[in-house]
Amino acid sequence: MSNGIELHNVTKRYGSDANAPLAVKGISFEVPEGTLTTILGPSGCGKTTTLRMIAGLESPSFGSIIMGGRDVTTLGPADRNVSMMFQSYALFPHMNVIENVSYGLKMSGVRKNEAMARARDALKGVGLVGFDERLPSELSGGQQQRVALARALVLEPAVLLFDEPLSNLDARLRREMREEIRSLQQRLGLTVAYVTHDQSEALAVSDQIIVMDHGVIAQRGTPQQLYGHPESEFVAGFMGEAMVFPAVAQPEGRVELGPLTLPLRYDIAPGVVKVAVRPEAWQIGAAVGLPATLRKAAYLGSVYEYAFDTALGSVFVVSADLSRPLTAGAQTTLSLAMHGVSVVPAAA
């Protein structure tokens, strides 16, 4: 892993007081060379602190950080060969686009003509040909984001870091730019650590997702593993808006969820468990199922969102069946598909 990232038992405590709370609590993980790892979690979970320690903007209280096989724990950002793209983009307002992109190269001692040529190549790579003379104030949010990305890429870093890079964009631009970032990462073989709180964004761009909760790693794995096989109630609830219900795992390999019986697809101890159900897993109108009364419906264009009252409590359902919409008060039954249903330990 010549240009990858390794964190070994990294802990971060702010302040010198031994009783001060820990922002990050002894985490270890790797970002293999040429891959994109997303650090995902709610506000305050420690994800941005972790990224800032990788960048050299914060020092670990304990543990070590290895990049390219070299211990960089005590080195500053300039000695780590990393570029970081911030949520705010941090463009210089008085500099035009080409000056913003070439600034880091000039500060590194690259000659002006070469710096300008490399900056133009970087701008071409993010689709901003002909924007050289514009000021940041003359650009849209998506264009400013592309300038910031070009400025990070032009330095040809071994490691590229993103801190909530798309949070200031509207939904359409977020989708476009996450595709752009993923495409560039794969085309250039970049090693990327990417912080976000947006589950859809993480699923769309990642080779590996690390879910953090209160300073520790709750689970790590591929997008498919995190979504399809969460190991705790927290991860199940965080990845994709799953609702969690109490249930009982029987010794013969089935799970009883109220009147519903589910097959147990992986090993879990018999007894009280939790079943996490994603909104798209519910099937409406089964011959045998959970009796349900529709409380409210919302039309979102491509799907309907339904809230049902059931013996399990309120159930949130997303249905792609636009041909047979239900109205409030409708009586029906709900059953569960094989996808989007996970069983996790009750104590998790």
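The values are calculated or read from the model by the stated rules, or taken from the named source; none is laboratory data. As the structure is a prediction and not an experimental result, all values here were calculated from the model. Note that each Cβ is placed from the backbone with ideal geometry, even for glycine, and that neighbours are counted across all protein chains shown.
On the basis of being at pLDDT below 90, surrounded by fewer than 18 Cβ atoms within 10 Å (Cβ to Cβ) and closer than 25 Å to residue 54 by Cβ, does residue 140 make the cut?
Criteria not met by residue 140.
Which one is farthest from residue 320 (Cα to Cα) among residues in the range 287-304 that are of a type in the set (Val, Ile, Thr) and not in a strand (DSSP E or B)?
288
Would you please list the contacts, defined by Cβ atoms under 8 Å and residues six or more apart or on different chains, that run from a residue in the range 47-58 that is within 14 Å of residue 194 (Cβ to Cβ) to a residue that is part of a loop (DSSP other than H, G, I, E, B)?
From the range 47-58, the pairs are 47/41; 47/197; 48/164; 52/58; 55/80.
Got a sec? Which strands (runs of 3 or more DSSP E) wholly within the range 11-101 have at least 1 residues that are closer than 20 Å to residue 145 by Cα?
Answer list for the range 11-101: 36-40, 82-85.
Give the number of residues within the range 50-108 that are under 25 Å from the mean Cα position of the chain (by Cα), more than 17 Å from residue 12 (Cβ to Cβ) and of a type in the set (S, T, N, Q).
Count: 4.
What are the residue pairs meeting all of these: first residue in the range 256-274, first residue within 17 Å of residue 236 (Cβ to Cβ), second residue of a type in the set (D, E, K, R), Cβ atoms under 7 Å, and 6 or more apart or on different chains?
Correct list of pairs: 262/254; 264/254; 274/233.
Being small (Gly, Ala, Ser), in contact with a Ser or Thr (Cβ under 9 Å, 6 or more places away or on another chain) and under 28 Å from residue 225 (Cα atoms) is the filter here; which residues of the range 256-288 pass it?
Of everything in the range 256-288, those that are small (Gly, Ala, Ser), in contact with a Ser or Thr (Cβ under 9 Å, 6 or more places away or on another chain) and under 28 Å from residue 225 (Cα atoms) turn out to be 258, 276.
Report the residue count in the range 117-150 for those that are of a type in the set (A, V, I, L, M, F, W, C), closer than 17 Å to residue 89 by Cα and either in contact (Cβ under 8 Å) with a residue 60 or more places away in the chain or not in a loop (DSSP other than H, G, I, E, B) (or both).
7
Just give me the residues in the range 323-345 being surrounded by fewer than 15 Cβ atoms within 10 Å (Cβ to Cβ), touching a strand residue (DSSP E or B) at 6+ places or on another chain (Cβ under 7 Å) and either among the aliphatic types (A, V, I, L, M) or outside any loop (DSSP other than H, G, I, E, B) (or both), in sequence order.
Correct list: 328, 331, 337.
Which count do you get for residues in the range 151-161 that are crowded, with 16+ Cβ neighbours inside 10 Å and either of a type in the set (Asp, Glu) or in a loop (DSSP other than H, G, I, E, B) (or both)?
Counting residues in the range 151-161 that are crowded, with 16+ Cβ neighbours inside 10 Å and either of a type in the set (Asp, Glu) or in a loop (DSSP other than H, G, I, E, B) (or both) gives 4.
Of the residues 166, 139, which is within 30 Å of residue 277 (Cα to Cα) and assigned by TED's automatic domain parsing to the domain that holds residue 105?
Going through 166, 139 in turn, just one is within 30 Å of residue 277 (Cα to Cα) and assigned by TED's automatic domain parsing to the domain that holds residue 105: 166.
Among the residues that make up the range 221-230, is at least one of them closer than 15 Å to residue 28 by Cα, assigned by TED's automatic domain parsing to the domain that holds residue 49 and at pLDDT 90 or above?
yes
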